[in-house]
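**Student:** After the structure tokens below, expect a handful of questions from me.
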């Protein structure tokens, strides 16, 4: 049987998205989801997303990692599904949707998708890294010469280290460009490799860099291998609030596949 899918990317972080408003897709079929995300035998993607109906909000987002398991919040995925909802005519310029970490708001404006992230109330600063949760857990560490880094090798060492091996962690390597710009490369759990961009990752980097005094700006640019993202925020006491992830989201193509 042929099924319609949509391929999306947000700064190179790519997703297979399916309109599941009729609730026809088997969300428990992890083998199928992993197959669809496989770059050699399936469509190929960093993640898989279902758009579903919800009585309280415009739609519901269900996100799976490339390994077929349901995942924590995905920032770039949230931006891509917002663009998809606009394409389907579910929303106009504004969206309210439910994800695994709760309700999110998004805005479609001037070719950009702006996604409001949840407040961050706790940041842990260690000797050589910062840990925080921006919908997904993130390890942030500053390095030099980021272009020469073997992200898969070094990221996996941290992701599978004793401290993080049970729950897993996303690992972000950061190089400062100037007071308001940082280069970021990210190893993502679930993908178990470097991705071209990570939305919750660049959000974590922006907040971490402000927290440790590497920037005083409240609008930070993040350069990833897949393109540029911006994160705006407000510091309120020990917390960060009004956090927005800003960037493009593009429908690459629409297709059909049999399963």
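The values are calculated or read from the model by the stated rules, or taken from the named source; none is laboratory data. Since we're looking at a predicted model, the values are computed, not measured. As a convention, Cβ positions derive from the backbone with ideal geometry for all residues, glycine included, and neighbour counts pool all protein chains shown.
Every residue, every condition in (1) without any contact (Cβ under 8 Å) to a residue 60 or more places away in the chain; (2) surrounded by 12 or more Cβ atoms within 10 Å (Cβ to Cβ); (3) part of a strand (DSSP E or B); (4) out of contact with any helix residue (DSSP H, G or I) (no Cβ under 7 Å at 6 or more places or on another chain), yes or no:
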| position | (1), (2), (3), (4) |
| --- | --- |
| 72 | no, yes, no, yes |
| 96 | yes, yes, yes, yes |
| 116 | no, yes, yes, yes |
| 131 | yes, yes, yes, yes |
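**Student:** Does residue 141 satisfy the condition of being touching a helix residue (DSSP H, G or I) at 6+ places or on another chain (Cβ under 7 Å) and modelled with pLDDT of 95 or more?
**Tutor:** no
**Student:** Another question, if that's okay. I'd like the full set of residues that are under 22 Å from residue 36 (Cα atoms) and not in a helix (DSSP H, G or I), limited to segment 74-94.
**Tutor:** The answer is 74, and nothing else.
**Student:** I've got another one for you. Looking only at segment 35-66, count every residue that is assigned to a loop (DSSP other than H, G, I, E, B) and either more than 23 Å from residue 134 (Cβ to Cβ) or at pLDDT below 95 (or both) and tell me the total.
**Tutor:** 10
**Student:** Out of the residues in segment 1-34 that are touching a strand residue (DSSP E or B) at 6+ places or on another chain (Cβ under 8 Å) and assigned to a loop (DSSP other than H, G, I, E, B), which is surrounded by the fewest Cβ atoms within 10 Å (Cβ to Cβ)?
**Tutor:** Here the residue is 1.
**Student:** Consider residue 106 carefully, then state whether it is assigned by TED's automatic domain parsing to the domain that holds residue 34 and either touching a helix residue (DSSP H, G or I) at 6+ places or on another chain (Cβ under 8 Å) or assigned to a loop (DSSP other than H, G, I, E, B) (or both).
**Tutor:** Answer is yes for this residue.
**Student:** Condition test on residue 80, is it touching a helix residue (DSSP H, G or I) at 6+ places or on another chain (Cβ under 7 Å) and either touching a residue at least 24 places away in the same chain (Cβ under 8 Å) or surrounded by 15 or more Cβ atoms within 10 Å (Cβ to Cβ) (or both)?
**Tutor:** So residue 80 does not fit the description; no.
**Student:** Where in segment 144-259 are there strands (runs of 3 or more DSSP E), lying fully within it, with 3 or more residues that are surrounded by 13 or more Cβ atoms within 10 Å (Cβ to Cβ) and in contact (Cβ under 8 Å) with a residue 60 or more places away in the chain?
**Tutor:** 227-236, 239-247, 250-258
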